[in-house]
Amino acid sequence: MATLNTVAAWPRTVLVVRATGRGTYARTTPDRYGSARLARPRIKLHRGFQTGDPVCANVAKGKRAGVHVGRVMVRSSGPSDITTRHGRIAGINHKSVRLLQRADGYGYTITKETDRND
């Protein structure tokens with residue numbers, strides 16, 4: 001059995017994993033003196049979505065019309081934002097959003113590997 005002393009080939013694509021977090025446990029937002037300024041909601045799930053979930057939004061009409069794929073940022077008060085690779089789309093109704101996967105605290109992207117000519 002022959003041994004290999006060099007690398008034969010590099011992978012063409014690489015999975016890049018970035019820690020994004022899963023929210024905060026704090027129930028109040030302090031001011032600069034440390035006193036409670038406002039109360040945060042006790043639940044993290046709003047309308048079936050949690051901040052960081054990968055989603056696909058199919059918006060039928062309006063200035064945000066189109067298909068948007070990215071991470072959702074939910075609000076308890078109303079419409080959500082979706083962060084795509086092209087930027088943030090604000091004010092998306094939850095009825096046009098479809099969940100792709102539950103968030104696990106990481107963001108995943110696939111990038112091409114650069115040439116390794118040493």
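Values as computed for the structure displayed
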item: Subset of the range 39-83 (residues that are small (Gly, Ala, Ser) and crowded, with 19+ Cβ neighbours inside 10 Å); result: 52, 57, 70, 80
item: Selection status of residue 96, of a type in the set (S, T, N, Q), surrounded by 11 or more Cβ atoms within 10 Å (Cβ to Cβ), farther than 30 Å from residue 10 by Cα and free of Cβ contacts under 8 Å to residues at least 60 places away in the same chain; result: yes
item: Neighbours by Cβ (under 7 Å, 6+ apart or cross-chain): first from the range 1-26, hydroxyl-bearing (Ser, Thr, Tyr); second part of a loop (DSSP other than H, G, I, E, B); result: 13/113; 20/52; 20/105
item: Search result, residues across the range 3-34 that are hydrophobic (A, V, I, L, M, F, W, C) and part of a strand (DSSP E or B); result: 14, 15, 16, 17, 19
item: Per-region count, the range 39-69, residues outside any loop (DSSP other than H, G, I, E, B), touching a Ser or Thr at 6+ places or on another chain (Cβ under 6 Å) and either closer than 17 Å to residue 22 by Cβ or in contact (Cβ under 8 Å) with a residue 24 or more places away in the chain (or both); result: 5
item: Residue within the range 89-112 that is at positive phi, assigned to a strand (DSSP E or B) and not charged (D, E, K, R) present; result: yes
item: Residues (more than 17 Å from the chain's Cα centre (by Cα), of a type in the set (A, V, I, L, M, F, W, C) and within 12 Å of residue 82 (Cβ to Cβ)) located in the range 48-71; result: 59
item: Members of the range 50-107 that are of a type in the set (Lys, Arg) and either over 22 Å from residue 40 (Cα atoms) or out of contact with any strand residue (DSSP E or B) (no Cβ under 8 Å at 6 or more places or on another chain) (or both); result: 61, 63, 64, 85, 88, 95, 98, 102
item: Restricting the range 21-45 to residues that are at pLDDT 80 or above and of a type outside the set (D, E, K, R), the residue that is farthest from residue 93 (Cα to Cα); result: 33
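The values are calculated or read from the model by the stated rules, or taken from the named source; none is laboratory data. All figures in this text were calculated on a predicted structure; none of them were measured in a lab. Here Cβ is always computed from backbone atoms with ideal geometry, including for glycine, and neighbour counts include all displayed protein chains.
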